[in-house]
Amino acid sequence: MFPYQSGNYPIPNPYYRFVSQGQYYNPYSDTGWPWWHYPIESKGSYRYSPPQLLTFVLVHGSWADAHFWDGVAAELRSQGHTVYTPEYAGHGSDPNKKVTHAMITKSVVDYIKQLNLHDIILVGHSFGGTVIQKVAEQVPDRIKRLVFWDAFVLKDGESVADELPPQTRQGFEQLRTMSKDDTIMLPFELFRALFVNTASTEDAKLFYKSVSPEPAKPLFEKLDLKAFYALPTPKSYVYFYQDNVLPQGEGYGWNPHMSTRLGLFRLIVGDGDHFTDTRTRPAYLALKIYEASRD
Amino acid sequence: MFPYQSGNYPIPNPYYRFVSQGQYYNPYSDTGWPWWHYPIESKGSYRYSPPQLLTFVLVHGSWADAHFWDGVAAELRSQGHTVYTPEYAGHGSDPNKKVTHAMITKSVVDYIKQLNLHDIILVGHSFGGTVIQKVAEQVPDRIKRLVFWDAFVLKDGESVADELPPQTRQGFEQLRTMSKDDTIMLPFELFRALFVNTASTEDAKLFYKSVSPEPAKPLFEKLDLKAFYALPTPKSYVYFYQDNVLPQGEGYGWNPHMSTRLGLFRLIVGDGDHFTDTRTRPAYLALKIYEASRD
Amino acid sequence: MFPYQSGNYPIPNPYYRFVSQGQYYNPYSDTGWPWWHYPIESKGSYRYSPPQLLTFVLVHGSWADAHFWDGVAAELRSQGHTVYTPEYAGHGSDPNKKVTHAMITKSVVDYIKQLNLHDIILVGHSFGGTVIQKVAEQVPDRIKRLVFWDAFVLKDGESVADELPPQTRQGFEQLRTMSKDDTIMLPFELFRALFVNTASTEDAKLFYKSVSPEPAKPLFEKLDLKAFYALPTPKSYVYFYQDNVLPQGEGYGWNPHMSTRLGLFRLIVGDGDHFTDTRTRPAYLALKIYEASRD
């Protein structure tokens with residue numbers, strides 16, 4: 001279906017906002033000055049406008065827990081936003097690693113329902129993309145926008161493993177069989193090369209301390225996503241171009257390979273990698289997520 | 001044909017330029033100091049050199065008029081360049097929306113001839129790429145260089161619609177049939193997601209005020225471009241990597257999908273999107289266009 | 001083979017490093033504060049750490065000689081690194097242009113052996129990628145890491161010419177037949193458009209002064225690289241996204257087309273082109289190479 005076929009596209013009502021020249025100005029007034037009288041360059045916006053205050057629910061990916069978002073959440077909160085970082089089954093302090101994708105999805109759905117959250121920006125990173133795909137199917141009315149940051153957007157019937165290059169998939173399968181509890185532990189060399197490639201040596205080692213074995217099964221489960229692909233929810237994709245967890249093209253990768261499955265979506269691009277900026281540049285990452293999330 | 005087969009590539013005549021150390025220096029003198037004695041980093045150039053003054057003709061794309069260029073033109077003029085921003089048939093104050101691609105081309109050709117412009121840098125944005133392809137066929141001797149900025153480079157016999165993904169093409173066809181005068185109006189949601197994705201909410205709304213219905217026919221006309229592909233005119237392509245009007249790869253997109261059709265071309269890359277920087281960062285966009293245009 | 005299958009991935013031993021707050025801190029201590037108490041943004045690292053001092057061997061590409069690295073080498077040395085820039089057969093002051101790829105490889109291998117270098121970061125640029133592939137086969141025990149910067153990574157049995165688009169390959173063959181000594185001279189127009197596209201006009205001309213005819217044969221020799229693809233040596237790829245020597249995708253290009261042949265590798269991305277930054281931004285290029293090289 002063509003996602004923008006409604007033909008119903010009213011210009012929002014007139015509104016006022018502050019103009020740095022010290023005047024109030026109605027930009028939708030027919031007698032207003034056209035924009036080109038005011039090409040002002042500052043902070044990427046030609047006129048100042050206060051940030052839109054949003055409610056974020058941030059869903060982490062594999063080999064991470066909810067603390068993954070600590071830096072970004074603190075940054076967003078300091079700007080006035082409301083931020084939630086739910087933990088999900090098989091992660092964080094949960095001792096049970098025998099989890100399914102449905103259990104993980106239920107963790108986030110229950111969290112949203114129990115806190116009775118509405119009008120949320122639901123953000124998924126990496127594997128978390130598959131989680132927000134399924135969560136969105138269950139609580140679509142509570143979601144204002146879906147934001148994928150270097151996140152899987154699976155096709156209906158796919159698993160995460162289906163999107164891995166054969167060599168990586170084979171490697172994951174080997175690591176899985178090596179474990180005693182059906183988990184996959186990332187070797188440091190792989191983590192350093194693919195997840196924190198732009199980090200300093202010390203930061204990479206420090207980051208690796210927070211990595212624990214990931215429940216394997218959800219990575220290999222094929223997901224029914226028919227309901228997801230019928231949702232009219234607005235969508236954005238944040239792509240960081242030094243992210244090399246997946247090869248950048250030739251049939252793989254975050255953007256455009258998976259992002260374009262979203263149909264109409266807003267693209268925001270940054271220069272980071274898969275993990276590092278959550279710790280080294282939380283303000284930068286928070287800005288990119290905000291750019292993807294505002295109306 | 002191989003575009004650089006001439007074998008005729010003289011080094012330009014010796015010239016003088018100012019060296020910041022306070023000395024005049026002939027870089028082509030056999031007795032001159034080699035460059036590596038002077039690796040100076042400043043403003044991206046290891047030695048200062050004054051800008052080359054150029055004559056620009058800027059050709060806008062669809063859902064825009066000549067005011068699209070106001071910020072960039074002002075910036076280029078402030079640097080000493082001469083800038084023209086022709087309006088073309090079916091756009092701006094022209095009440096007649098029943099136009100053809102040939103009429104649009106004629107507008108620009110007539111403008112160049114009437115002002116008797118020579119040695120011009122002919123810049124096309126988006127749909128304007130197809131216009132400068134056809135203009136170049138008619139006044140090749142007046143053109144110093146062609147610069148495409150996130151612009152269509154059609155193959156011989158193609159239309160703009162041929163380069164759209166099936167879903168987008170279908171959407172445009174639906175919007176076309178919904179109109180009373182064979183135009184296509186962009187819904188705000190589509191414009192916001194694809195044309196001004198990096199803009200603030202307020203800027204996006206303000207930008208949308210300048211969008212009016214686009215004559216549909218020229219987007220679906222197949223163009224004879226045999227003469228274009230025989231032109232030896234130097235060519236450049238400016239690509240902004242947050243531009244998501246077309247999917248970024250897998251058979252679609254500005255670069256490399258369409259840019260490589262130019263044969264030998266100079267690539268310049270920036271971090272903007274399809275529309276926003278004309279208003280929020282005109283100096284940045286002007287710099288990228290200048291980098292693509294200088295000898 | 002899966003390059004990270006060993007399952008042997010100990011966290012490095014505890015170590016001390018300076019914390020800017022004026023305290024020594026053991027990041028691997030179980031009682032240490034978790035990282036998220038200290039999200040400090042400065043210079044892209046959330047804690048200060050001194051650079052790791054490395055030994056670099058920099059291998060240039062075609063239409064260049066060892067002076068290509070002068071700016072970068074000076075920069076790296078100023079930071080405390082040890083840097084070697086070997087010249088190889090058929091280049092620099094070598095009057096004999098009738099060289100083979102094996103002779104070029106031997107130049108670098110002999111250089112490394114005679115200086116008895118160990119634990120080196122072997123960096124190859126452009127054609128130099130094929131050289132470090134072959135050098136690595138002969139002295140693998142001396143190499144700590146291979147770093148490719150916009151460099152060819154040939155498949156077993158391939159030549160450089162095999163990776164060129166048909167039009168470029170045909171052009172090179174024409175230029176080759178035009179020469180009297182089986183070399184290829186780059187016309188200025190081609191050099192300006194593809195090798196120094198981001199440079200100012202003056203810098204482009206100055207850079208071109210250092211270009212001399214390149215021995216053609218090594219570009220067309222097919223290389224046996226079976227031994228290379230069995231090496232466990234860590235690998236990195238530095239990709240500059242304004243580099244347009246090869247088309248950026250659709251079956252060609254540096255990244256991901258050739259980089260992914262390395263198997264597991266660390267990706268670092270910068271915004272430069274193929275040649276320019278060696279002269280205009282040596283510190284920037286040196287930083288990117290360092291980021292690719294550190295542990």
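Some points to look at:
- Label-point separation, A:Q52 to C:Q174 (7 Å along Cα→Cβ), nm: 5.3
- Heavy-atom accessible area order for B:K98, B:K235, largest first, 1.4 Å probe: B:K98, B:K235
- Within the accessible area of region C:117-195 (1.4 Å probe), percent carbon and sulfur: 46
- Each other residue within a Cβ distance under 12 Å of B:F56 adds +1 if Lys or Arg and -1 if Asp or Glu, for a net charge of +2.
- Greater than 18 Å apart at Cα, pairs in C:K180/C:K217; C:K113/C:K144; C:K144/C:K226: C:K144/C:K226
- 1.4 Å probe, heavy atoms, protein only - residues of region B:153-177 losing at least 10 Å² accessible area vs chain alone: B:Q167, B:T168, B:G171, B:Q174, B:L175
- Rolling a 1.4 Å probe over the protein heavy atoms gives region C:18-293 an accessible area of 36 Å² per residue.
- The candidates A:M178, C:M103, arranged from most to least accessible area with a 1.4 Å probe in the full protein assembly, appear as A:M178, C:M103.
- Extension gain (nm, one decimal) between B:Y252 and B:Q167, 0.36 nm per residue minus Cα-Cα: 29.3 nm
- For region B:247-280, residues shielded by at least 30 square angstrom of accessible area compared with the chain on its own, probe 1.4 Å: B:Q248, B:E250, B:P256, B:L264, B:F265, B:R266, B:L267, B:V269, B:R279, B:T280
- Interface residues of region B:197-217, defined as those with an accessible-area decrease of at least 50 Å² between the chain by itself and the complete set of protein chains (probe 1.4 Å), are B:N197, B:T201, B:E202, B:D203, B:K205, B:L206, B:K209.
- Ascending list, in nanometres, of distances separating the C:A74 label from those of the other copies (7 Å, Cα toward Cβ): 4.1, 4.1
- Annotation: lysines with alpha-carbon distance below 21 angstrom to B:K222 (same-chain offsets under eight excluded): B:K97, B:K98, B:K106, B:K134, B:K155.
- In Å², nearest 10: area of B:T82 left accessible to a 1.4 Å probe: 60
- FRET efficiency for C:A102 and A:D141, using Cβ-Cβ distance with R0 set to 56 Å, rounded to 0.05: 0.25
- Chain C versus the axis that turns it onto chain B: the residue with the nearest Cβ and the distance in whole Å amount to C:G249, 3.
- Whole-Hz ³J(HN,Hα) from phi, Karplus 6.51 cos²θ - 1.76 cosθ + 1.60, for region A:256-270, glycine and proline x: x, 4, 9, 4, 5, 5, 6, x, 6, 8, 8, 9, 10, 10, x
- Inter-copy label distances for B:Q174: 4.8, 4.8 nm (label point placed 7 Å from Cα along Cα→Cβ; shortest first).
- Position B:T233, label points 7 Å along Cα→Cβ, spacing to each other copy in nm (shortest first, one decimal): 4.8, 4.8
- Rounded to the nearest 100, the interface formed by chains C and A buries 3900 square angstrom of accessible surface, both chains summed, with a 1.4 Å probe.
The values are calculated or read from the model by the stated rules, or taken from the named source; none is laboratory data. These figures come from a predicted structure and were not determined experimentally. In this analysis, Cβ positions are derived from the backbone assuming ideal geometry, glycine residues included, and neighbour counts consider all displayed protein chains. Ligands, DNA and RNA are stripped out before the accessible areas are found, and what is left, the full protein with its side chains, is counted by its heavy atoms. Shrake-Rupley method; radii C 1.70, N 1.55, O 1.52, S 1.80 Å.
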